[in-house]
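K.L.:
One structure is given below, represented as structure tokens, and several questions about it will come after.
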Amino acid sequence: MTETQLLKILIAREHELLSCSAQSSGQQIEGLLHPQFEEFGCSGQAFGRQSVIDYLASEPGTSVHKTHD
């Protein structure tokens, strides 16, 4: 797999994670995040995988608009 192909896959998965349908399903979010996933906020605070799943599943989703390929 080339770097370009991998980048396209990663971008598609990120868009899927941020989609309204994924955010309404904790199970779908779990499938998109690695078991050791951690999110770091702009403050530097780390958020564990389950915290992110719970947050995204509880928030109303917003659609992602593709800006480039």
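K.L.:
At pLDDT below 85 and part of a helix (DSSP H, G or I): is that true of Ala57 in this structure?
P.N.:
yes
K.L.:
Between a first residue in segment 34-45 that is surrounded by 10 or more Cβ atoms within 10 Å (Cβ to Cβ) and a second residue that is of a type in the set (Lys, Arg), which pairs have beta carbons less than 8 Å apart while being 6 or more apart in sequence or on different chains?
P.N.:
Phe37/Arg49; Glu38/Arg49
The values are calculated or read from the model by the stated rules, or taken from the named source; none is laboratory data. Given the structure is predicted, the values throughout are model-derived calculations rather than measurements. All Cβ positions, glycine included, derive from the backbone under ideal geometry; neighbour counts span all protein chains shown.
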